[in-house]
Amino acid sequence: MRITVFGSTGKAGKEVIKQALERGFSIAAFARSPQKMGLAHPNLTVIHGELTDLASLETAIRGADCVISLLGPSGKVQDTALSDGVRRIISIMETCGVRRLIQK
């Protein structure tokens, strides 16, 4: 199974990735700051991008069996960047035929 994880550099994201890798899954971890991953594994691919970058979103999502979103604000919300990003993720999932979304 191939899983795409958004919010991959946070505590929950890293734990989800760690557990999925232990179970033998392939992971595409989408990260705005890949250097924060701190994980390396043959079944882990880190995709650098922003939620506004449609090409990198599609790269992360295409071929996935499931998308897990652990996205959340790191402070007071002052704009719609996260909700807009989730809309883009869902739109690309539809385009790529990915039907499973787990969102915290």
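The values are calculated or read from the model by the stated rules, or taken from the named source; none is laboratory data. Computed from a predicted model, the values in this text were never measured in an experiment. A quick note on method: Cβ atoms are made from the backbone with ideal geometry, for glycine too, and the neighbour counts reach across all protein chains shown.
Numbers at a glance
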read-out	value
Cross-chain or 6+ apart pairs with Cβ under 8 Å, the range 88-100 first and of a type outside the set (A, V, I, L, M, F, W, C), then at pLDDT below 95	none
ILE68 vs. criteria surrounded by fewer than 17 Cβ atoms within 10 Å (Cβ to Cβ) and either of a type outside the set (Gly, Ala, Ser) or not in a loop (DSSP other than H, G, I, E, B) (or both)	no
Matching residues, the range 1-43, being surrounded by 19 or more Cβ atoms within 10 Å (Cβ to Cβ), among the polar types (S, T, N, Q) and either touching a Ser or Thr at 6+ places or on another chain (Cβ under 8 Å) or free of Cβ contacts under 8 Å to residues at least 40 places away in the same chain (or both)	THR9
Selection within the range 44-65 - in a helix (DSSP H, G or I) and either of a type in the set (Phe, Trp, Tyr) or surrounded by 12 or more Cβ atoms within 10 Å (Cβ to Cβ) (or both)	LEU54, SER56, LEU57, GLU58, THR59, ALA60, ILE61
Every residue from the range 6-24 that is part of a helix (DSSP H, G or I), farther than 12 Å from MET37 by Cα and not aliphatic (A, V, I, L, M)	GLN19, GLU22
